2 protein chains.
Amino acid sequence: MTLLPSLVKGMRDYSSLQVYRRNYMLAAIQAIYTRYGFEPLETPALEHRSTLTGKYGSEGEQLMFNVLKSGDFLEGIEANTTDYKKLKALLSDKGLRYDLTVPLMRHIAAHQHEICFPFRRYQMQPVWRADRPQRGRYREFLQCDADIIGSTSLLCEAEILKLIYDVCTQLNIRGFCIKINHRGILSAIADPEKEKEKEKLFCTIVDKLEKIGLEKVIAALQAAGFSSQATASLVQLQNCNGSHTERLGQLQAAIGDVAQGAKAIEELSNILTQAHGLGLPDGICCIDPTLARGLAYYTGLVMELTVAATPIGSLGGGGRYANLGALFGAKGLTGVGFSFGIDRLYDLMEAQNLFQSITTYTTEVLLTNLEAKAEMQLLHLLNQLRTAGIQAEIYPQRVKINKQLSYAHKKNIPFVVIVGETEYAMDHYTLKNMQTGVQNRYRASELLGLLKTALATKC
Amino acid sequence: MTLLPSLVKGMRDYSSLQVYRRNYMLAAIQAIYTRYGFEPLETPALEHRSTLTGKYGSEGEQLMFNVLKSGDFLEGIEANTTDYKKLKALLSDKGLRYDLTVPLMRHIAAHQHEICFPFRRYQMQPVWRADRPQRGRYREFLQCDADIIGSTSLLCEAEILKLIYDVCTQLNIRGFCIKINHRGILSAIADPEKEKEKEKLFCTIVDKLEKIGLEKVIAALQAAGFSSQATASLVQLQNCNGSHTERLGQLQAAIGDVAQGAKAIEELSNILTQAHGLGLPDGICCIDPTLARGLAYYTGLVMELTVAATPIGSLGGGGRYANLGALFGAKGLTGVGFSFGIDRLYDLMEAQNLFQSITTYTTEVLLTNLEAKAEMQLLHLLNQLRTAGIQAEIYPQRVKINKQLSYAHKKNIPFVVIVGETEYAMDHYTLKNMQTGVQNRYRASELLGLLKTALATKC
């Protein structure tokens, strides 16, 4: 017995219904991105390892699928090398992209003199992460990113917030909330003296809040040497509540006297005012001073899209990054962007029953294949139907009619054309409505018009 | 100085114009596939190496990008192993798919009891090959496959031929030709005694005809031990010419007395008659008895889409495969399919100037950002425009008007709205037509309607 080959763990096939549903989501997102003036970019699945390892540092190393060098992959490796990280770098010079931000930066760095800034680009492509697969966490997943690069204006942040809102409402998602925070808030708590490394470490630990809980986060912060003042502020701000104005007031009271805190509070306030000007309703954004987002490169606003009371987790995230381009030789490029995780969004939409209206575009008419003499006229008819835009097929083999009808039944094909010996002799076609079971005989000249009308009223 | 990170050799970024053009091609192909009753399938980029190495054999080994094992990739490797192939298999357990046929077979094998046969699926996804990059040969490229699985009927072949024709005419491609042949023809020449291995070898050598020329092919065949009868038949059939009927006659004369030859001739003849019945015009297909297609798994019709007088090469290929499913534990599954190579098709369409009508959907209206007091009303207007389906953006920074107009000019934005101090005081908006340079002042209530009309007539 041959063993059936399996899928790679954490990766999936998408059947036709899933493809239709995903395409419906992508088309909606794309239409909104376009309306906001974003233009598409696509990049290759593979990048040089040196490009990919810049951003996340050691975390990137673990996340990445590494591609073995072509040709002599042992070149330069000494027999007794046992350092895994070094060996990996020697064996592999390419990797699969784990996000769409790194390829964007690589693209911009190479084309910085042709690109018209501010550059608004969107990218909808899969990414790969060698993560441990679990519910809602896939190893191949589709991201839909929108970024505005090359402007420090907070209007960009406001636009991105409204964009997220527009996408969610277009998709009819219920109960969504955009959590926002500013890295300056966390920086003011962690590190009033502005030591960049301390802020990064603080964010990395606080980012685990939802996973491990406040108590463990506090313990980890203490172990890492953060002051009791810092942990106390964190506890205080975790209880932040009320309207935007109230929350901003609580932030002001807690960290308004630290320069980066005051600036962050002002920026948050401005962004919310501008987003409101763009039509963002109250109650969509929620200031959460403990929102960190793991990535080290954020420098201003951070955002996370969530839906309360679902185990699916974050549906997307983003933020302002001031210095990311520099890693790739593009100086002074600041940007703000957001990335929708389509696979989780799909899971959520399924849970919220939002795919009801998505029908599969399957065959509308099946021509049965019964009478050898009728074959040519059926082929002509098939071509006529397709030319008229009707989705049609002929059953390829001349087998018993029951088998052919059963095929139509299983595939939910609404109409079947039957030409047996009798029909052929009379130059007639029997048209069977598979839903009602009603069948009648027609001339060829009548059939096409009849089907057109019947299918038009079905839609 | 930081060195700019580069693209992986043989891979490319697609800018917005290229994405729009590719999407136009894909939409056209998808619409035709759908009309023919094909349903979409998508599969992951990565497959187990054991799945991928089955089909091509040693050729697949060379073509494939191998992904390094996660975790302990040295497990099971002895220090003195120097056999590259063995080492590769030990270091890597996954690879990037190099075609869409293997994933299809893997999918069918796993779902054979749920799938409704004959199964008509299409798949439009990138594949990766560690080939030497050269003109028209990329290492990441997009394939659009359509396959009918589970029927031996030659009607399937006829449908695929008409499908190729419909796609090419829909895309307005000029001078295309579908070369066809039947593996039985080559088998009858190579090996009248039906030793399968000899036929495979013959096909592999004859497949190089276009690349290395007849003389070298003959020499290679002789070196491989093929009879002088075989090489003589090949030379004779290379000069095959005239109409289908004439070519079939010449084939009959040359190999009609060999059983598999006679059967192949009959099948070719039937396929052409049925394709004609489906509306395929004369002169689109061309019987080429030396067409081999490299892949070992074809067993019947083979097809290749070409355009004369272009250096771009084959635009797609396909054929009938009788036993492919068996490799994956799905017994008795026969299929016929075709794969368009979108990247070469793109190059051809560019060369034939067929993208003229594809415009980029860029921003239609730019709101300039000049007067702080006007910001809120501009954000309202921006939201109104977008809600009305107009692609609009605001220049994020408040900089000199010339810089903002220059941005609109570079991005080919047709309309610009200007609100300076004067306009703000009068509650007016200046609308500038960037093409004519004409500008006039309007009230907010007039602006939206005016822009809607102007943009509608532009399209």
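The values are calculated or read from the model by the stated rules, or taken from the named source; none is laboratory data. Just so you know, these numbers come straight off a predicted model, no measurement behind them. As a convention, Cβ positions derive from the backbone with ideal geometry for all residues, glycine included, and neighbour counts pool all protein chains shown. Side chains included, ligands, DNA and RNA excluded: accessible areas come from the protein's heavy atoms. Shrake-Rupley method; radii C 1.70, N 1.55, O 1.52, S 1.80 Å.
Filtering the range B:337-358 to residues that are of a type in the set (A, V, I, L, M) and in contact with a Leu (Cβ under 7 Å, 6 or more places away or on another chain) leaves B:342, B:345, B:348, B:349, B:354. Within the range A:102-125, not a single residue is in a loop (DSSP other than H, G, I, E, B), within 20 Å of the chain's Cα centre (by Cα) and at pLDDT 95 or above. With respect to the conditions (1) at pLDDT below 95; (2) farther than 22 Å from residue B:17 by Cα, residue B:438 lacks only one, and its number is (1).
Name every residue in the range B:7-55 that is within 7 Å of chain A (Cβ to nearest Cβ) and assigned to a loop (DSSP other than H, G, I, E, B), in order of residue number. Within the range B:7-55, B:7, B:8, B:11, B:12, B:13, B:15, B:36, B:37, B:41, B:43, B:44, B:45 meet the criteria. The set of residues in the range A:82-106 being open to solvent by less than 30 Å² (accessible area, probe 1.4 Å) and β-branched (Val, Ile, Thr) consists of A:101, A:102. Of the set (1) assigned to a loop (DSSP other than H, G, I, E, B); (2) over 44 Å from the mean Cα position of the chain (by Cα), all apply to residue B:397 but (2). Only one entry in A:130, A:188, A:109 is of a type in the set (A, V, I, L, M) and more than 8 Å from chain B (Cβ to nearest Cβ), namely A:188. Here residue A:233 meets the list (1) farther than 17 Å from residue A:203 by Cα; (2) surrounded by 16 or more Cβ atoms within 10 Å (Cβ to Cβ) almost entirely, failing just condition (1). Answer yes or no as to whether residue B:386 is among the basic types (Lys, Arg) and open to solvent by 30 Å² or more (accessible area, probe 1.4 Å). No: the conditions fail for residue B:386.
Yes/no per residue for (1) more than 20 Å from residue B:136 (Cα to Cα); (2) in contact with a Leu (Cβ under 8 Å, 6 or more places away or on another chain); (3) open to solvent by less than 10 Å² (accessible area, probe 1.4 Å):
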site: B:274; (1), (2), (3): yes, yes, no
site: B:290; (1), (2), (3): yes, yes, no
site: B:301; (1), (2), (3): yes, yes, yes
site: B:308; (1), (2), (3): no, no, no
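Could you grab me the full set of residues in the range A:310-342 that are assigned to a loop (DSSP other than H, G, I, E, B), open to solvent by 10 Å² or more (accessible area, probe 1.4 Å) and closer than 23 Å to residue A:22 by Cα? Result: A:310, A:311, A:312, A:313, A:314.
So, residue B:109, is that one among the small types (Gly, Ala, Ser), farther than 30 Å from residue A:375 by Cα and open to solvent by 10 Å² or more (accessible area, probe 1.4 Å) or not? Against the criterion (among the small types (Gly, Ala, Ser), farther than 30 Å from residue A:375 by Cα and open to solvent by 10 Å² or more (accessible area, probe 1.4 Å)), residue B:109 does not qualify. Each residue in the range A:42-72 was checked for being open to solvent by less than 50 Å² (accessible area, probe 1.4 Å), of a type outside the set (Gly, Ala, Ser) and at pLDDT below 75, and 3 of them qualify.
Restricting attention to the range B:406-422, the residues that are touching a Cys at 6+ places or on another chain (Cβ under 6 Å) and open to solvent by 40 Å² or more (accessible area, probe 1.4 Å) total 1. In the range A:136-156 there is no residue that is hydrophobic (A, V, I, L, M, F, W, C), part of a loop (DSSP other than H, G, I, E, B), over 21 Å from residue B:360 (Cβ atoms) and open to solvent by less than 10 Å² (accessible area, probe 1.4 Å).
So, of the residues in the range B:343-373 that are outside any strand (DSSP E or B) and among the aliphatic types (A, V, I, L, M), which turns out to be nearest to the chain's Cα centre (by Cα)?
We begin by selecting, within the range B:343-373, every residue outside any strand (DSSP E or B); these are B:343-364, B:368-373.
Going one step further and asking which of them are among the aliphatic types (A, V, I, L, M), we end up with B:345, B:348-349, B:351, B:354, B:358, B:370, B:372.
Values: B:345: 7, B:348: 12, B:349: 13, B:351: 17, B:354: 17, B:358: 19, B:370: 47, B:372: 50 Å.
Result: B:345.
The condition (being under 30 Å from residue A:420 (Cα atoms), touching a helix residue (DSSP H, G or I) at 6+ places or on another chain (Cβ under 9 Å) and either within 12 Å of chain B (Cβ to nearest Cβ) or among the aliphatic types (A, V, I, L, M) (or both)) is satisfied by just one residue among A:364, A:371: A:364. Among the residues of the range A:245-264, those that are under 15 Å from residue A:192 (Cα atoms) and open to solvent by less than 40 Å² (accessible area, probe 1.4 Å) comprise A:251, A:254, A:255, A:256, A:258, A:260, A:261, A:262, A:264. When the range A:258-295 is filtered for residues that are assigned to a loop (DSSP other than H, G, I, E, B) and within 30 Å of residue B:373 (Cβ to Cβ), the ones remaining, listed by number, are A:278, A:279, A:280, A:281, A:282, A:283, A:284. The listed residues are B:198, B:162, and the only one of them that is touching a helix residue (DSSP H, G or I) at 6+ places or on another chain (Cβ under 9 Å), open to solvent by 60 Å² or more (accessible area, probe 1.4 Å), assigned to a helix (DSSP H, G or I) and not aliphatic (A, V, I, L, M) turns out to be B:198. Here are some conditions: (1) open to solvent by 60 Å² or more (accessible area, probe 1.4 Å); (2) at pLDDT 90 or above; (3) in a loop (DSSP other than H, G, I, E, B). Residue A:240 meets all but one. Which one does it not meet? It is condition (1) that residue A:240 fails. Checking the stated criteria, residue B:215 turns out to be surrounded by fewer than 21 Cβ atoms within 10 Å (Cβ to Cβ), out of contact with any strand residue (DSSP E or B) (no Cβ under 6 Å at 6 or more places or on another chain), among the acidic types (Asp, Glu) and more than 30 Å from residue B:282 (Cα to Cα). Cβ-Cβ contacts under 9 Å between residues 6 or more apart (or on different chains), taken from a first residue in the range A:141-166 that is more than 11 Å from chain B (Cβ to nearest Cβ) to a second residue that is in a helix (DSSP H, G or I) and open to solvent by 10 Å² or more (accessible area, probe 1.4 Å), are listed as A:144/A:26; A:144/A:30; A:145/A:101; A:147/A:101; A:161/A:272; A:161/A:274. Checking every residue in the range A:423-433 against the condition of being farther than 27 Å from residue B:276 by Cβ, in contact with a strand residue (DSSP E or B) (Cβ under 6 Å, 6 or more places away or on another chain) and surrounded by 14 or more Cβ atoms within 10 Å (Cβ to Cβ) gives at least one match. When the range A:381-391 is filtered for residues that are within 7 Å of chain B (Cβ to nearest Cβ) and either under 17 Å from residue A:430 (Cβ atoms) or of a type in the set (A, V, I, L, M) (or both), only A:382 remains.
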